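All remarks here apply to the structure that follows.
The values are calculated or read from the model by the stated rules, or taken from the named source; none is laboratory data. Since the structure is predicted, the reported quantities are computational estimates derived from the model, not experimental observations. Quick reminder, even Gly has a Cβ in these numbers, built from the backbone with ideal geometry, and neighbours come from all protein chains shown. To get the accessible areas, we keep the full protein, side chains included, count just its heavy atoms, and leave off ligands, DNA and RNA. Shrake-Rupley method; radii C 1.70, N 1.55, O 1.52, S 1.80 Å.
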Amino acid sequence: MATATNLLESLGNLERDSFTSLLSNLIGESRHVQNNPPEHIPEEDRVVKHVLNSLLPFSTTTGGGPLILNHVTYLPGRGNLIVEYPGTVPGKILSFVGCHMDVVTANPKDWDFDPFTLSIDGDKLRGRGTTDCLGHVALVAELMRKLGETKPNLKSTVVAVFIANEESGAVTGVGIDALVQDGLLNKLKEGPMFWIDTADKQPCIGTAGMIAWKLHVTGKLFHSGLCHKAINPLELAMDAIKEIQLQFYRDFPPHPQEQVYGFAIPSTMKPTQWSYPGGGINQIPGECTISGDVRLTPFYDVKDATKKLQEYVDDINDNIQKLEVRGPVSKYVLPDENLRGRVTLTFDEVLPGIACDLNSRGFHVLCKATEEVVGHVKPFSVTGSLPLIRELQDEGFDVQSCGYGLTETYHAKNEYCLFTDMSQGYQVLGSIITQLED
């Protein structure tokens, strides 16, 4: 079997020319893999084509090497790619997943450089997808290429899964959800799974769940000089939101595990958008809508939170005459007209959060590899949300998360990553493989 020293020597360092050549091809497809239906439907097979071109010479498909390639497509042009380097010990396995081949949209008018062409400025590799997540696609593809080329004798099977459709939940049954449903990843449950799609070179051990909500408020339109004859939906919305927030923070207070995992803030529920149909300044509108989100640390269940939110709203409607009002003529009930204000809650996207298993061997080898390569290890958690990971954990996968882009450019204009960070990521992944040989 390959010794640790021999294996690391075989893998070497990330080859800049090979990496940037592949990444250039991938960023060149980024215009066509933007994911924001219905305007932008990604064609992930355009990325698969370049990854296959890199790996085919070292595959069983061509007879040139040991890599087993499985291109799995559920919708035309929207493929996933599973790459396997076989080990010698049955059931001994590790995997790198989460490298998605779609990107968020980019408006070239807002950028200082062409987002759909890779440009290089010293250490900076610039373009849409360099941090999230085509840079990681190229990184893991280079790692698998090197395994196929050097053919180290490993006990562990190493699997890389490049996925479609991570950036939008509008369409399902296309990416990793379908791969799991079809059982194509079942054997990955036998070893640690590393989700390569975060940033800043440190283990990401926790993310928040997210509940996107809308509160539609119905009042009564009337002249603002005769506001005693109106039900002001703007005031009702403010008072309803205040009551909902007070109850939310009583039911979902800071959790002790948030400190263990390093969350900067606890669960939150807040408005972020406000809309109304329009009208004159002297007109109280008849309706308005407030939208916002809940960010729920993973120690609470998003299903419980949505149920509670609906209970708060039902209670407000049943007792709207008891809701705090504003001033001597502000009111939410007009008894003479048999009218009551009303609030209606609906939910859009709902995502669960994840708390990674801190007792997992996968977590320990990731931390050791990070400390060896980066020089320090400081696992972190964020109240942002990542799709799909919690579902994998619930299916029985031991998911750990890391990434080598930059948080500050994640989904941002003028996105870039650093070659030195990606190079360190390559060494971390190599160290993970090496440690798991023991």
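If I go through segment 59-99 residue by residue, how many of them are in contact with a strand residue (DSSP E or B) (Cβ under 8 Å, 6 or more places away or on another chain) and either among the charged types (D, E, K, R) or free of Cβ contacts under 8 Å to residues at least 12 places away in the same chain (or both)?
Residues that pass the stated criteria total 4.
For (1) in contact with a helix residue (DSSP H, G or I) (Cβ under 8 Å, 6 or more places away or on another chain); (2) on the phi > 0 side of the Ramachandran plot, each residue gets a yes or a no:
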position	(1), (2)
Leu67	yes, no
Gly77	yes, yes
Pro90	no, no
Val103	yes, no
Phe116	yes, no
Arg126	no, no
Glu142	yes, no
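Applying the selection to segment 295-339, what residues are in contact with a helix residue (DSSP H, G or I) (Cβ under 6 Å, 6 or more places away or on another chain) and within 16 Å of Val350 (Cβ to Cβ)?
Selection gives Leu296, Thr297, Lys308.
If I ask for residues that are within 18 Å of Tyr426 (Cα to Cα), open to solvent by 40 Å² or more (accessible area, probe 1.4 Å) and polar (S, T, N, Q), which ones from segment 1-23 would you list?
Thr5, Asn6, Ser10, Asn13, Ser21 - these are the residues of segment 1-23 that are within 18 Å of Tyr426 (Cα to Cα), open to solvent by 40 Å² or more (accessible area, probe 1.4 Å) and polar (S, T, N, Q).
If you check Ile27 against the conditions, is it among the aliphatic types (A, V, I, L, M), open to solvent by 20 Å² or more (accessible area, probe 1.4 Å) and in contact with a strand residue (DSSP E or B) (Cβ under 9 Å, 6 or more places away or on another chain)?
So Ile27 does not fit the description; no.
Working only within segment 325-368, note down all residues that are open to solvent by 80 Å² or more (accessible area, probe 1.4 Å) and farther than 15 Å from Ile231 by Cβ.
Listed by number, the residues that qualify are Pro328, Asp348, Glu349, Asn359, Arg361, His364, Lys368.
So in segment 321-363, with the set limited to residues that are of a type in the set (Ser, Thr, Tyr) and assigned to a strand (DSSP E or B), which one is nearest to the chain's Cα centre (by Cα)?
Let us first name the residues in segment 321-363 that are of a type in the set (Ser, Thr, Tyr), namely 330, 332, 344, 346, 360.
Applying the additional criterion that residues be assigned to a strand (DSSP E or B) yields 344, 346.
Values: Thr344: 29, Thr346: 23 Å.
By that ranking, first place goes to Thr346.
Which of the residues that make up segment 176-193 are surrounded by 20 or more Cβ atoms within 10 Å (Cβ to Cβ) and either over 16 Å from the mean Cα position of the chain (by Cα) or closer than 19 Å to Tyr85 by Cα (or both)?
Correct list: Leu179, Leu185, Leu188, Gly191, Pro192, Met193.
If you go through segment 161-175, how many residues are surrounded by 24 or more Cβ atoms within 10 Å (Cβ to Cβ) and at pLDDT below 95?
The qualifying residues number 1.
When you look at Thr207, is it among the β-branched types (Val, Ile, Thr), open to solvent by 10 Å² or more (accessible area, probe 1.4 Å) and either under 30 Å from Ile93 (Cβ atoms) or at pLDDT 95 or above (or both), yes or no?
For Thr207, the condition - among the β-branched types (Val, Ile, Thr), open to solvent by 10 Å² or more (accessible area, probe 1.4 Å) and either under 30 Å from Ile93 (Cβ atoms) or at pLDDT 95 or above (or both) - is not met.
Just to be sure I understand, how many residues within segment 92-107 are open to solvent by 10 Å² or more (accessible area, probe 1.4 Å) and either under 8 Å from Ser156 (Cα atoms) or assigned to a strand (DSSP E or B) (or both)? Write out each step before concluding.
Of the residues in segment 92-107, the ones open to solvent by 10 Å² or more (accessible area, probe 1.4 Å) are 92-93, 104-107.
Next, from what is left, pick out any that are either under 8 Å from Ser156 (Cα atoms) or assigned to a strand (DSSP E or B) (or both): 92-93.
Total meeting the criteria: 2.
Please tell me if Pro57 is on the phi < 0 side of the Ramachandran plot, at pLDDT below 95 and either open to solvent by less than 10 Å² (accessible area, probe 1.4 Å) or not in a strand (DSSP E or B) (or both). First the steps, then the outcome.
Working: on the phi < 0 side of the Ramachandran plot: yes; at pLDDT below 95: no; either open to solvent by less than 10 Å² (accessible area, probe 1.4 Å) or not in a strand (DSSP E or B) (or both): yes.
So Pro57 does not fit the description; no.
In segment 68-91, which residue that is within 25 Å of Ser401 (Cβ to Cβ) and over 28 Å from the mean Cα position of the chain (by Cα) is most open to solvent (accessible area, probe 1.4 Å)?
Gly91
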